[in-house]
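Colleague: Encoded as structure tokens, here's the structure I'll be asking about.
Each reported figure results from applying straightforward, stated rules to the coordinates on display, with no laboratory input. Nothing here was measured: the structure is a model prediction, and the numbers come from that model. Every residue, glycine as well, gets a Cβ built from its backbone with ideal geometry; the counts of neighbours run over all protein chains shown.
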Amino acid sequence: MPKALITGVMGQDGAYLSQLLLEKGYEVFGLVRRSSSADVVDERLRWLGIAGQITVVDGNLIDLSSLIRACQEIKPDEIYNLGAQSFVKTSWNQPLLTGTVTAMGAGNMLEAVRIAHPQARFYQASSSEMYGLIQEPVQSETTPFYPRSPYAVAKLYAHWMTVNYRESFGLHASSGILFNHESPLRGIEFVTRKVTDGAARIKLGLATELKMGNLDAKRDWGHARDYVKAMWLMLQQEVPDDYVVATGRTTTVRDMCKAAFDHVGLHYEEFVKVDPAFLRPAEVDVLLGDPTKAKQKLGWEAETSLEAMIGEMVEADLFRHRSKLR
């Protein structure tokens, strides 16, 4: 039975990846930092019905000793570093924390692997936000990076550290440059979930409007359930490498709002209001990924359309709110 260690196991990607690995016969270990809200942090695992199947390991990305200990005791075949301060807006309010966790945390994890268990295969969760002020209309593995937020800068450090540890120490270390990927498990602070939750609340009479930022920003949105398959496929390759994971389709926030409100039979124009408080200090206007390499080398491609994903998310939010009303 292969073993996998996942940081960020309680997040959206960690939950779907855990589900996938369990289905493939893995023993799954999740690194979890100590928290006073420990009784609710496994909400996503419980939503998928797998909470009791994950072995929780105490540890923290900013504590190298805990990472070394985890590698020594578990001896995982695969390590997926998904842990991060991952909300872009928060990274401006907490830039040093973001750098410590998202950037240095990845460096700590790589160092723990090098010291304690270098035979493990390592996956780093890189981000399309690293492209920022885009240098090419479609972004591939060779497109230059131009990060536009503390989060993106931190992710870029983690990305290049992964490349450096691969080239300097021979680690089987790969990075997935994932474009926006969403699901019913997405945090409420992220734009897609904010929209689907808002549409559900307005439909049920729990709210009358939805305040948003830049409606003209364009993103390449896919489903997290599809994207974690690409993570796993990267670590099954003989040679480690970096891959863009995307749908190859870009959509405005405005059109995404329309899809969500259409799903519940409402016109988004009547309820969605632009509020300058939600605008970013430096905007990333367009992101559009080229997944050609992932398709050719991994045999991977996105399976879920934006419309199907938004519909699934709206239905999940309707279910959540109706459950509270009972």
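Colleague: Given charges of +1 on the Cβ of Lys and Arg and -1 on the Cβ of Asp and Glu, with all other atoms neutral, how large is the dipole of the chain about its Cα centre, in debye to the nearest 20?
Modeller: That gives the chain a dipole magnitude of about 580 debye.
Colleague: Tell me, what is the percent relative contact order of the chain, built from C-alpha pairs under 8 Å that lie six or more residues apart?
Modeller: Values: 647 pairs, mean separation 55.6, N = 326.
Relative contact order here is 17 percent.
Colleague: Scan around PHE122 for amide H atoms under 5 Å from its own, H built in the peptide plane at 1.01 Å from N, and keep only partners 5 or more places away or cross-chain.
Modeller: Placed amide hydrogens put ILE79, HIS172, ALA173, SER174 under 5 Å from PHE122.
Colleague: Okay, next question. Treating the angle as unsigned and between 0 and 90°, give the value, to the nearest 10°, between the Cα long axis of helix 64-74 and the longest Cα principal axis of the chain.
Modeller: So the inclination is approximately 70 degrees.
Colleague: Measuring from label point to label point, each 7 Å out along Cα→Cβ, what is the TYR146 to PHE169 span in nm?
Modeller: 3.4 nm
Colleague: Sticking with this one: Could you pull out the GluC sites (Glu not before Pro) across region 226-317 that fall in loop regions by DSSP (anything but H, G, I, E, B) with no more than 12 other Cβ atoms inside 10 Å?
Modeller: Passing sites in region 226-317 are GLU238, GLU303.
Colleague: Taking only DSSP H segments of four or more residues, each worth -39500 (n - 2.57), what value at 222 nm results for the chain once the sum is divided by all its residues, to the nearest 500 deg cm²/dmol?
Modeller: Computed mean residue ellipticity for the chain: -12000 deg cm²/dmol.
Colleague: Spelling out what I want: for every residue of region 9-21, take phi, set θ = phi - 60°, compute 6.51 cos²θ - 1.76 cosθ + 1.60 (Karplus), and round to whole Hz; glycine and proline get x.
Modeller: Using θ = phi - 60°, the values come out as 5, 8, x, 4, 5, x, 5, 5, 5, 4, 4, 4, 5 Hz.
Colleague: Kindly express, to the nearest 10 degrees and within the range 0 to 90, the angle between helix 150-169's C-alpha long axis and the longest C-alpha principal axis of the chain.
Modeller: 30 degrees
Colleague: Among [x] 140; [y] 267; [z] 130, find the value of volume of the Cα convex hull per residue in Å³ that was calculated from the structure presented, and write down its label.
Modeller: [z]
Colleague: Could you list which residues have their amide H under 5 Å from that of LEU31, counting only those 5 or more apart in sequence or on another chain, with H placed in the peptide plane?
Modeller: Sorted by chain and number, the residues that satisfy this are ILE6, THR7, GLY8, VAL9, VAL57.
Colleague: Take the alpha carbon atoms of region 144-163, find their center, do the same for region 16-31, and report the distance between the two centers in whole angstrom.
Modeller: Result: 27 Å between the Cα centres.
Colleague: So, one more: If amide H atoms are built 1.01 Å from N in the plane of the peptide, which residues on other chains or at least 5 residues away come under 5 Å of the amide H of GLU182?
Modeller: GLY222, HIS223, ALA224
Colleague: Across region 91-99, in residue order, what do the Karplus-derived ³J(HN,Hα) couplings come to in whole Hz, using 6.51 cos²θ - 1.76 cosθ + 1.60 with θ = phi - 60° and x for Gly and Pro?
Modeller: 5, 6, 7, 9, x, 6, 4, 4, x
Colleague: On to the next question. Would region 33-186 count as rounded, prolate or oblate if I go by the C-alpha gyration tensor, calling it rounded below 1.5 in a/c and otherwise prolate when a/b exceeds b/c, oblate otherwise?
Modeller: Judged from the Cα gyration tensor, region 33-186 comes out oblate (a/c at least 1.5, b/c at or above a/b).
Colleague: Something else about it: Compute the distance in nm between two label points, each set 7 Å from the Cα along the Cα-to-Cβ direction, one at TRP92 and one at GLU238.
Modeller: In this crude label model, TRP92 to GLU238 measures out at 4.8 nm.
Colleague: Roughly how tilted is helix 306-325, in degrees to the nearest 10 and between 0 and 90, from the longest Cα axis of the chain?
Modeller: Roughly 80 degrees, rounded to the nearest 10.
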